[in-house]
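Undergrad: Here it is, the structure in full.
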Ligand SMILES: CC(C)(COP(=O)(O)OP(=O)(O)OC[C@H]1O[C@@H](n2cnc3c(N)ncnc32)[C@H](O)[C@@H]1OP(=O)(O)O)[C@@H](O)C(=O)NCCC(=O)NCCS
């Protein structure tokens, strides 16, 4: 069963699902007719907006009285589309009279009602929550991430073993990124991926953001790249950036596909831009206007 993630635009939505946390724990519910557990959610009723449906379902199915709610993506399974939310519940009241029999915090080994769909949505929501702006004290973790990427992929700039930067060098680089742009990372103590938007301080070109992205193989294909781009777009729009650009080696199919999916166009070819494994490779110049 393939679950597709979509932009939150123009989709005919049927249901909402809310990945909610209470005191840092994941909130699961059990239907009166079932012994298995699920993430709260349900159908959008006639005349209701998706946000209203999410608020109503979260209250009816868990008793949540005070919470914040954020829509993070639309998804479809077999052509039926739903909106995924994350919520932090601040106050949980008694379970209202509803079709739910029980509210329980997630435990390892729990039996899921929708085991092909909901663990995927949970992973997506956890990945979304794991994305944050980099801080200077991430220098060691960022250093380790970059060295690991150098080892794993030939599509970043450095060859394996070529980089000679110390943790102090990365501290300075992070400081520069914070002052001159933004870098979002995925992870906590260890980092699994990043996107950096660098901008010049020069007046005539400071509306341009130059993008670099890298995600560890172990975390590829989980939509982390897509989420990092969406964060970068929001930051760029709020910071007067009107053009985003990047270069990508032509054989990097995953990169080119991701960038096209995120709305970048190929503007030109940088011929013989890369020398690798005894051969010259072309790069694409790609850009997106905001
Ligand atoms: C390229 C990269 C950033 C993709 O990140 P990701 O988190 O795996 O991408 P997502 O899961 O968000 O996928 C989004 C889209 O990218 C494309 N894509 C991702 N991985 C792909 C792969 N292995 N093959 C082909 N297309 C792929 C697909 O179009 C995908 O959409 P779909 O899932 O609907 O088919 C990541 O693979 C990476 O960092 N690679 C190594 C370093 C690198 O190449 N950096 C870029 C240098 S310019």
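Undergrad: Among the residues of segment 222-240, what is the count of those that are within 14 Å of the ligand (Cβ to nearest atom) and either within 11 Å of the chain's Cα centre (by Cα) or crowded, with 19+ Cβ neighbours inside 10 Å (or both)?
TA: 11
Undergrad: Then there's this: Please give the strands (runs of 3 or more DSSP E) falling wholly within segment 20-77 in which 2 or more residues are more than 18 Å from residue 110 (Cα to Cα).
TA: 41-43, 64-77
Undergrad: Filter segment 241-255 down to residues that are part of a strand (DSSP E or B) and within 12 Å of the ligand (Cβ to nearest atom) and give me whichever is surrounded by the most Cβ atoms within 10 Å (Cβ to Cβ).
TA: Among residues in segment 241-255 that are part of a strand (DSSP E or B) and within 12 Å of the ligand (Cβ to nearest atom), the one surrounded by the most Cβ atoms within 10 Å (Cβ to Cβ) is 248.
Undergrad: For segment 15-36, how many residues meet the condition of being farther than 14 Å from residue 85 by Cα and surrounded by fewer than 20 Cβ atoms within 10 Å (Cβ to Cβ)?
TA: Count: 11.
Undergrad: I'd like to know if segment 104-122 contains one or more residues that are surrounded by fewer than 17 Cβ atoms within 10 Å (Cβ to Cβ) and closer than 14 Å to residue 188 by Cβ.
TA: Checked segment 104-122: no residue is surrounded by fewer than 17 Cβ atoms within 10 Å (Cβ to Cβ) and closer than 14 Å to residue 188 by Cβ.
Undergrad: If you don't mind, another one. Condition check: under 30 Å from residue 258 (Cα atoms) and surrounded by fewer than 15 Cβ atoms within 10 Å (Cβ to Cβ). Does residue 43 satisfy that?
TA: For residue 43, the condition - under 30 Å from residue 258 (Cα atoms) and surrounded by fewer than 15 Cβ atoms within 10 Å (Cβ to Cβ) - is not met.
Undergrad: If you don't mind, another one. Kindly evaluate residue 129 against the criterion of being within 25 Å of residue 244 (Cβ to Cβ) and buried (at least 16 other Cβ atoms within 10 Å of the Cβ).
TA: Taking the combined requirement at face value, the residue does not satisfy it.
Undergrad: Quick one: which residue in 66, 51 is at pLDDT 95 or above, over 22 Å from residue 124 (Cβ atoms) and within 27 Å of the chain's Cα centre (by Cα)?
TA: Going through 66, 51 in turn, the sole match is 66.
Undergrad: Do you know which of the residues in segment 203-221 that are away from the ligand (no atom under 16 Å from the Cβ) and surrounded by fewer than 14 Cβ atoms within 10 Å (Cβ to Cβ) is nearest to residue 142 (Cα to Cα)?
TA: Checking each candidate, the answer is 205.
Undergrad: To continue, here is another question. Yes or no: residue 154 within 24 Å of the chain's Cα centre (by Cα) and either more than 30 Å from residue 237 (Cβ to Cβ) or more than 16 Å from the ligand (Cβ to nearest atom) (or both)?
TA: It is true that residue 154 is within 24 Å of the chain's Cα centre (by Cα) and either more than 30 Å from residue 237 (Cβ to Cβ) or more than 16 Å from the ligand (Cβ to nearest atom) (or both).
Undergrad: Restrict the check to segment 218-234 and report whether at least one residue is part of a strand (DSSP E or B) and within 17 Å of residue 132 (Cα to Cα).
TA: no
Undergrad: Tell me which residues, restricted to segment 61-73, are surrounded by 19 or more Cβ atoms within 10 Å (Cβ to Cβ) and in contact with a helix residue (DSSP H, G or I) (Cβ under 9 Å, 6 or more places away or on another chain).
TA: Those that are surrounded by 19 or more Cβ atoms within 10 Å (Cβ to Cβ) and in contact with a helix residue (DSSP H, G or I) (Cβ under 9 Å, 6 or more places away or on another chain): 64, 67, 72, 73.
Undergrad: Do we find that residue 200 is surrounded by fewer than 16 Cβ atoms within 10 Å (Cβ to Cβ), away from the ligand (no atom under 16 Å from the Cβ) and either in a helix (DSSP H, G or I) or over 15 Å from the mean Cα position of the chain (by Cα) (or both) in this structure?
TA: Considered against the rule, which asks whether it is surrounded by fewer than 16 Cβ atoms within 10 Å (Cβ to Cβ), away from the ligand (no atom under 16 Å from the Cβ) and either in a helix (DSSP H, G or I) or over 15 Å from the mean Cα position of the chain (by Cα) (or both), residue 200 comes out as yes.
Undergrad: Consider residue 155 against the criteria (1) free of Cβ contacts under 8 Å to residues at least 40 places away in the same chain; (2) surrounded by 13 or more Cβ atoms within 10 Å (Cβ to Cβ): it satisfies all of them except one. Which criterion is unmet?
TA: All conditions pass for residue 155, except number (1).
The values are calculated or read from the model by the stated rules, or taken from the named source; none is laboratory data. Please read all numbers here as calculations on a predicted model, not as lab measurements. Note: ideal-geometry Cβ built from the backbone for every residue, glycine included; neighbour counts use all protein chains shown.
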